[in-house]
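Here is the structure we will look at, set down as structure tokens.
Every number here is computed from the coordinates shown, using simple stated rules; none is lab data. Nothing here was measured: the structure is a model prediction, and the numbers come from that model. Every residue, glycine among them, receives a Cβ derived from its backbone with ideal geometry; neighbour counts consider all protein chains shown.
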Amino acid sequence: MCEPYNIPAIQKTPGVYNTNFAPLFLNANPSKTFDKLKKEEENYEGKCAYVQSCFLSESNIQKVQNLLILSVYNKSNKKYRIPFQKKESILIVMKYIYNFYGQSIPHSVKEQIDTLNNLVVAELTPQIINNLNSYYKYLEDSTTQPDPLALPINNSSKGNKILPSWVN
């Protein structure tokens, strides 16, 4: 998910090589280049790890829980007030959203986390409302007696015919 190193593109023309960035074994001072690349990699990995650790932190999970409660309440027309969900269930969805949508850009961390939080809430809200509707429909069906079927009606015209008399 992290951005690759800033390595200039090597020209594809045969016999012509870009010497601005020589590979380590051709470089005059490979240890400096290696140290520079290693430092740059650690910097990017640190930023990526920072975004992920902030997104999956306890305080952010609490924020997602609060957003989820508010979203379910508003989307259900103020019908359902849910308690906090299981932390493990929320974390599974958060990891899925982070792996699929996470950008891990070193800047604008707060905006990235807010966007990911909104995606998590948008993913979970319809599922929770659907589950609540199903559960309450089940409770209603299990506590009421089913309506009995109506008695059958004879629609045949066979028994209603009057035959003409033979005796005059």
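Side notes on the structure shown:
- Our compactness index for the range 96-168, the C-alpha radius of gyration over the empirical 2.2 N^0.38 Å, is 2.90.
- The range 66-121: Rg to Rh, with Rh as the Kirkwood radius over Cα pairs: 1.05
- Arg81/His107 FRET efficiency (R0 41 Å; Cβ-Cβ; nearest 0.05): 0.60
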